[in-house]
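Below is one structure, written out as structure tokens; the observations come after it.
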Amino acid sequence: MTRIHAYVLIADPSFLRESLMAYYPYVDRIVLSYDRTSTSWTGTPLPVAQCLKIVEELDSEGKCVHAPGDFARLDHWVFANETFQRQAALDAASEGADWVLQLDTDEVMGDPDTFFEMLGRADRAGAGGLDFPARWLYTRTGPGRYLESSTRLWRRVAGYPGPLAVRAGTRLRHARQADVDLFRVDLRERSTDPARPKDAPVDAVISPEQAVLHFSWVRDPDTIRRKFGWSGHTAVYKPPKIYRRWAWRTRHPLLATLMTPLMRGHQNRFRLAKVAEPPGGVPPVLEFEAMPERNS
């Protein structure tokens with residue numbers, strides 16, 4: 001019998017409950033990885049206690065185990081810190097496991113049965129990792145309505161930050177990425193990943209409703225501002241400018257969609273999407289405050 005464990009980086013409570021509950025019945029053990037000082041990779045404070053309280057409330061079968069460590073190494077590159085923490089968590093989760101899930105807490109399985117069916121196919125194929133598609137949701141514009149990443153002509157694209165499941169004992173190269181043979185699942189028979197060529201191999205096709213939902217930027221305005229501080233991408237953010245752009249697109253989703261054919265870069269191309277929202281955890285559409293300029 002295949003034993004499946006998972007690890008979770010404890011940092012953001014926004015979709016933590018929904019993310020864990022989707023796969024909780026399918027796994028035997030969940031490693032909770034967090035900095036013992038509640039400090040991010042960039043040195044900002046994290047709401048670790050709030051996250052752990054959520055986990056305690058949902059852990060009805062006692063599957064979750066704590067694995068605190070010293071991960072806020074401020075003399076290291078932020079992505080080196082991320083890879084270091086993920087590797088430590090993966091090593092802990094690998095004990096007694098055949099496979100380890102590595103979903104972030106803002107990633108929610110749309111159809112867990114399909115996900116674990118594909119994991120079984122990856123196992124039988126002898127793959128080292130399961131590359132499973134995620135629909136990248138940029139902002140919530142109303143109940144069940146989102147701006148979703150798309151092609152220039154509004155077709156869906158899939159995001160792959162790294163395999164969402166890897167064999168126990170895998171060595172990570174960068175963040176969740178690993179140099180292993182992948183079983184690739186996609187939304188079409190031709191690759192929909194903007195980072196890969198169109199003829200990249202696709203081993204299985206699923207419907208968009210079965211993909212993982214990545215609520216990457218789906219936050220209330222205050223959380224978005226704080227996210228700029230703790231994110232591994234902080235160095236490339238320009239917080240006032242990028243916040244104003246996010247707020248404008250949330251207010252004007254139709255205009256953002258209509259402008260898509262003119263935009264360079266897939267991160268600026270969107271389609272209007274209806275999404276079956278997970279119960280709870282979805283922030284309302286709120287009024288926006290100006291993002292203060294940073295002193296240079």
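Tabulated data
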{"item": "Prolate/oblate/rounded label for the chain (Cα gyration tensor, a/c 1.5)", "result": "oblate"}
{"item": "Ranking of 241, 63 by count of other Cβ atoms within 10 Å, fewest first", "result": "241, 63"}
{"item": "Calculated FRET efficiency for the pair residue 181/residue 252, C-beta based, R₀ 51 Å, to 0.05", "result": "0.70"}
{"item": "Given charges at beta-carbon only (K, R positive; D, E negative), |dipole| of the range 4-274 in Debye", "result": "1780"}
{"item": "Sorted by Cβ density within 10 Å, fewest first, the residues 19, 14", "result": "14, 19"}
{"item": "Helix-derived mean residue ellipticity, 222 nm - over the chain, DSSP H n ≥ 4, -39500 (n - 2.57), to 500", "result": "-8000 deg cm²/dmol"}
{"item": "Neighbour net charge for residue 1 - beta-carbon separation under 11 angstrom, K R +1, D E -1", "result": "-1"}
{"item": "Euclidean distance between Cα centres, the range 118-187 to the range 100-114, Å", "result": "10"}
{"item": "Computed label-point distance, nm, for sites residue 49 and residue 199 using a 7 Å Cα→Cβ extension", "result": "5.8"}
{"item": "Förster radius 25 Å - calculated FRET efficiency between residue 1 and residue 171, Cβ distance, rounded to 0.05", "result": "0.50"}
{"item": "Per-peptide average of other Cβ atoms within 10 Å, ordering 188-197, 260-269, 28-37 highest first", "result": "28-37, 188-197, 260-269"}
{"item": "Part-to-part distance (alpha-carbon centres) for the range 3-38 and the range 53-89, which is given in Å", "result": "9"}
{"item": "Distance in nm between pseudo-label sites at residue 65 and residue 190 (7 Å out along the Cβ direction from Cα)", "result": "4.7"}
{"item": "Straight-distance crosslink candidates among aspartates and glutamates, where the alpha carbon sits under 12 Å from residue 198 and sequence neighbours closer than 8 are dropped", "result": "186, 189"}
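Coordinate-derived values only; no laboratory data. Remember, it's a predicted structure, so these values are computed and weren't measured experimentally. Cβ coordinates were reconstructed from backbone atoms using ideal geometry, including for glycine residues, and neighbour counts include every protein chain displayed.
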